[in-house]
Amino acid sequence: MSPDRPLALEELPARLWSELVRASRDRHHGWRLPVLATVDPQGSPQARTVVLRGADAALGELVCYTDRRSPKVSQLRADGRGVLVFWCARLSWQLRAQVRIGVEEDGARVQAAWARVAGQPAARDYLAPAPPGTAGLQGGWGTGGEPAGIADEPQAVHHLALLSARVMALDWLELDRRHGPRRAGVDAQGCAQWLIP
Ligand SMILES: Cc1cc2nc3c(=O)[nH]c(=O)nc-3n(C[C@H](O)[C@H](O)[C@H](O)COP(=O)(O)O)c2cc1C
């Protein structure tokens, strides 16, 4: 946004999606690491940091990767409602996305995701022999080191699952010293309206 011209309401939905797409490709973007909040089967809130791996404005979809054995996956199978909370200090923008999350454990998109991750240090997150959250040694491989070349093999048994989050609504908050705080809601149809911050 130009510092001299505040973003207009009608520009907002497209601009938010272009920032989300940018964040999914740029590891230095503030929105790269949102917090994903879900509800567990006991009705308790759960929240954790995730990496934004994909954003598709046309589909209204955000994508993250996870270990299919992690507690959040069983939580999401029982109740797909979630909120992704983003903060970008450079933009001074908070974004809260109300989402419905589906878990994909196999298929072309999971294979493509694994092909991207395999061979990178992140691959070890999906190759641990024991499920995330179970008691064990740090790193899960006993030595705390790399999983001995296994991540370089595309055929290795991995536990990567895709979390595909369909965006139902967006809540944007801008903290701007010159113009004061501004807030707007964007519904699933892409209609934006100003809200009292
Ligand atoms: C910077 C950062 C990025 C993370 N990215 C992911 C991620 O993309 N996917 C994921 O499942 N967990 C990620 N984690 C770990 C989660 O925050 C969490 O600890 C883990 O997934 C277990 O969550 P659960 O017990 O609610 O399933 C990340 C943690 C940090 C600190």
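Just need the relative contact order of the chain here, percent rounded to a whole number, with Cα pairs under 8 Å and 6+ apart.
In percent, rounded to a whole number, it is 22.
Computed about the Cα centre, the dipole magnitude for the chain is approximately 400 debye when only Lys and Arg (+1) and Asp and Glu (-1) carry charge, each at its Cβ. In sequence order, region 94-103 has phi-based couplings of 9, 10, 10, 10, 7, 9, 10, 10, x, 9 Hz under the Karplus curve 6.51 cos²θ - 1.76 cosθ + 1.60, θ = phi - 60°, and Gly or Pro positions carry x.
What full-extension length gain, to one decimal in nm, is calculated for VAL51 and SER74 as 0.36 nm per residue of separation minus the Cα-Cα distance? Kindly include the intermediate steps, with their values, before the conclusion.
Numbers: separation 23, 0.36 × 23 = 8.28 nm, distance 1.90 nm.
Full extension of this stretch gives 6.4 nm more.
Taking amide hydrogens as placed 1.01 Å from N in the peptide plane, the amide H of ALA57 sits under 5 Å from that of no residue at least 5 positions away in sequence or on another chain.
Simple rule: put +1 on each Lys or Arg Cβ and -1 on each Asp or Glu Cβ in region 3-131, find the dipole, and look at LEU91, LEU52, GLY119; the Cα lying farthest toward the positive end is GLY119. The residues packed around SER92, meaning those with a beta-carbon under 12 Å from its beta-carbon, carry a net charge of +2 if Lys and Arg are +1 and Asp and Glu are -1. Here the simple spin-label model places points 7 Å from the Cα toward Cβ, and for ALA130 and LEU175 these points are separated by 4.0 nm.
Only the coordinates and a few stated rules stand behind these numbers; no lab work does. Treat the numbers as computed from the prediction; the structure is a model and nothing was measured. When we count neighbours, we look across all protein chains shown, and the Cβ atoms used for this are built from the backbone with ideal geometry, even at glycine.
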